[in-house]
Amino acid sequence: MKFTEEHEWLLVDGDVVIVGITDHAAEQLGDIVFVELPELETKVAKGDEVSVIESVKAASDILAPLDGEIVEINDAIVTNPGLVNEDPMGEGWFFKMQIEDLSVLDDLMTEDEYKDFIG
Amino acid sequence: MTELRQTCLHDLHVELGAKMVPFAGYAMPVQYPLGVMGEHLHTREKAGLFDVSHMGQVILRAPARALETLVPVDVQGLAVGRQRYALFTNADGGILDDLMVANRGDHLFLVVNAACKDADIAHLQAHLPGVEPVTDRALLALQGPLAEQALARLVPGVTALRFMDVATLDWDGTALWISRSGYTGEDGFEISLPEARAEAFARALLAMGEVAPIGLGARDSLRLEAGLCLYGHDIDTTTSPVEAGLSWAIQKSRRANGGFPGADRILQELTQGPARKRVGLRPEGRAPMREGTPLFASETATDPVGTITSGGFGPSLQAPIAMGYLPADLATPDTLIWAELRGKRLPARVCTLPFRPSSYRT
């Protein structure tokens, strides 16, 4: 599993990458009450705002961690946004992306590096 | 950056695991480990304890009629032992701040917003004699259906109070200035007490099973569900009391002769109606509509007709809710309005306030 400075995790699953937010991010956001996911087959560039999550307090954007195409979305978190708080690193995943060159993942943080990053 | 002030309960908040944030120049607890949703629901079901010591407390030893020159509210008719909601207005009929005024017998006692307190005190001192800012007392709020039961264990006399009554009651040799009021739509109390005794008092309440500490996050969602205005957001110097739907705070005795700042505009709006009104909005989808979201009369209209001034998710309603201003002709319940959110027009319906009935002990 790899991590971004925007508190996303990425897990390679065959030729696609599963993306979600970290435990740390979910805890910081608090009770999530709304999730908006990108449309299928959307081509995204790294840094694009692709999802919105809202807690009771505030709205946050989820940025595309890499260039690629959205190939699957997790409708379960749209129906039940609380799933992101309950299991952010598992059932609460956001979307799957097709990435042309998986080697770009090497530039992202490892779990240990992410733990240092969040202090 | 100037250093944040701390209330006398700061160490207690930290000990309780609060996340502290800057608010009106103070470090304040925005939430405790229970979280905004849990704290909100706890207050609606049991009793929540809020530290609101950042708010301004002022003793006013001036005649009631003198204060009436600054507020469109009947202060002379306020009986001893009673409290009333009030507004400082400006010459244009805008709102400088909203506040509570209590008649404590030989003086009036004012509670004003934290962000406005320095300006309010200067405003009072510029126009009135006998302005005494209270700087050595904390202010706590205990809110919720079990607030009376909890507080009565320490201060049995509170059971005799009804909504908007005020009294001085003893707790363990300390004089508590208590009002039966709050900012949540629930029954509850606000308690002013010497800073030196505040932590012991708060700990005595928190030791009770039904009492949990509540942060500013839930305070905001609770007041929003109750349809209550937040100064600087839903009301400010650009909104008049009539536009804001606060005409009920302008009693009959003040409607005939004016004599308060902005009376020309305010009295005219009272008789002829305001051009725009504060309304409640229920988004039809699940997406919260936050402060600043522009409102449109149709899905395709180019010019906005209003703006959301407070909005978020109502934990007790399990739905997004918002308040904002709309032209009077659109400010009727069930009118469909369009909010522009992230480049998309989403529908919301105008509704009456509050979103959730209040449960004051009148």
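Dipole of chain A, Cα-centred, from +1 at each Lys and Arg C-beta and -1 at each Asp and Glu C-beta, to the nearest 20 debye?
240 debye
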Please identify which residues in region A:54-95 have an amide N closer than 15 Å to a label point set 7 Å out from the Cα of A:D48, following the Cα→Cβ vector. A:62-73, A:95
Residues of region B:15-58 with backbone N under 12 Å of the label point set 7 Å from the Cα of B:D118 along Cα→Cβ are B:24-26
Test item: B:305-313 mean partner chain Cβ contacts at 10 Å: 2
For chain B, divide the Cα radius of gyration by the Kirkwood radius and give the resulting Rg/Rh value with two decimals. 0.96
At 1.4 Å probe size, what's the solvent-accessible area of A:K115? Round to the nearest 10 Å². 110 Å²
Quick one: what are the phi-derived ³J(HN,Hα) couplings along region B:212-229, Karplus 6.51/-1.76/1.60 with θ = phi - 60°, whole Hz, x for glycine and proline? 10, x, 10, x, 5, x, 6, 4, 6, 5, 5, 6, 5, 4, 7, x, 8, 6
Give me the distance in nm between label points sitting 7 Å out from Cα along the Cα-to-Cβ direction at B:A204 and A:D107, one decimal. 6.2 nm
Starting from the Cα coordinates of the protein assembly as shown, work out the convex hull volume and express it per residue in Å³. 157 Å³
Out of B:G185, B:G232, B:G130, a Gaussian network model of chain B with alpha-carbon springs under 10 Å gives the largest mean-square fluctuation to B:G130
Rounded to whole Hz and in sequence order, give me ³J(HN,Hα) for region B:266-273 from the Karplus expression 6.51 cos²θ - 1.76 cosθ + 1.60, θ = phi - 60°, writing x for Gly and Pro. 5, 5, 5, 5, 5, 8, 9, x
Segment A:D61-A:E39, length gained on full extension (0.36 nm per residue, minus Cα span): 6.4 nm
Calculate the length of the line joining the C-alpha centroid of region B:55-117 to that of region B:226-267, in whole Å. 13 Å
Over the protein assembly as shown: helical MRE at 222 nm, DSSP H runs n ≥ 4 each giving -39500 (n - 2.57), nearest 500: -5500 deg cm²/dmol
Keeping all protein chains in the complex and leaving out DNA, RNA and ligands, what accessible area do you get for A:W93 with a 1.4 Å probe, in Å² to the nearest 10? 50 Å²
Log entry: pair-distance distribution for region B:275-362, C-alpha pairs binned every 10 Å from zero, whole % per bin is 19, 54, 21, 5, 1
Describe numerically, in nm with one decimal, the distance between label points set 7 Å from Cα along Cα→Cβ at B:T2 and at B:R255. 4.1 nm
Taking only C-alpha pairs under 8 Å that are 6+ residues apart, what is the relative contact order of region B:275-362 in percent? 36 percent
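Please report the antiparallel percentage of the DSSP beta bridges confined to chain B, to the nearest 5.
Counting DSSP beta bridges with both partners in chain B, the antiparallel share is about 90 percent.
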For chain B, modelled as a Gaussian network with Cα springs under 10 Å, which listed residue fluctuates most, B:V242, B:V211, B:V155? B:V155
Cα→Cβ-extended label distance, 7 Å offset, between B:Q76 and B:D106, nm: 2.4 nm
Average partner coverage of A:35-43, which counts Cβ from other chains inside 10 Å: 1
Pop out the ³J(HN,Hα) list for region B:178-184 in order, Karplus 6.51 cos²θ - 1.76 cosθ + 1.60 with θ = phi - 60°, rounded to Hz; leave Gly and Pro as x. 10, 10, 8, 6, x, 9, 10
Taking loop as defined by DSSP and a crowding limit of 12 other beta carbons within 10 Å, which trypsin sites (Lys or Arg not before Pro) in region B:277-362 fit? B:R342
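Just to confirm the filter: which trypsin sites (Lys or Arg not before Pro) across region B:153-212 are DSSP coil and have at most 13 other Cβ within 10 angstrom of their Cβ?
Passing both the DSSP loop test and the Cβ count: B:R162.
Calculate the FRET efficiency for B:E132 and B:A328 from the Cβ-Cβ distance with a Förster distance of 30 Å, rounded to the nearest 0.05. Present the calculation step by step, with values, prior to reporting the outcome.
Working: r = 42 Å, r/R0 = 1.39.
So, using R0 = 30 Å, E works out to roughly 0.10.
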P(r) of region A:1-73 over all Cα-Cα pairs, 10 Å bins starting at 0, rounded to whole percent, reads 19, 54, 26, 2
Value of relative contact order over chain B, rounded to a whole percent, pairs C-alpha under 8 Å and six or more apart: 18 percent
Mean Cα-pair separation over length for chain A, i.e. relative contact order, pairs under 8 Å, 6 or more apart, %: 31 percent
What does the accessible area of A:H7 come to, in Å² to the nearest 10, when a probe of 1.4 Å is used? 50 Å²
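Report the per residue volume, in Å³, of the convex hull enclosing the C-alpha atoms of region B:79-159.
145 Å³
Say R0 is 25 Å: what FRET efficiency, to the nearest 0.05, do B:R162 and B:S247 get from their beta-carbon distance?
With R0 = 25 Å, the Cβ-Cβ based efficiency is 0.60.
The values are calculated or read from the model by the stated rules, or taken from the named source; none is laboratory data. Owing to the predicted nature of the structure, the values given are computational and were not obtained by experimental measurement. As a convention, Cβ positions derive from the backbone with ideal geometry for all residues, glycine included, and neighbour counts pool all protein chains shown. We work out accessible area using only protein heavy atoms, side chains counted, and drop any ligands, DNA or RNA first. Shrake-Rupley method; radii C 1.70, N 1.55, O 1.52, S 1.80 Å.
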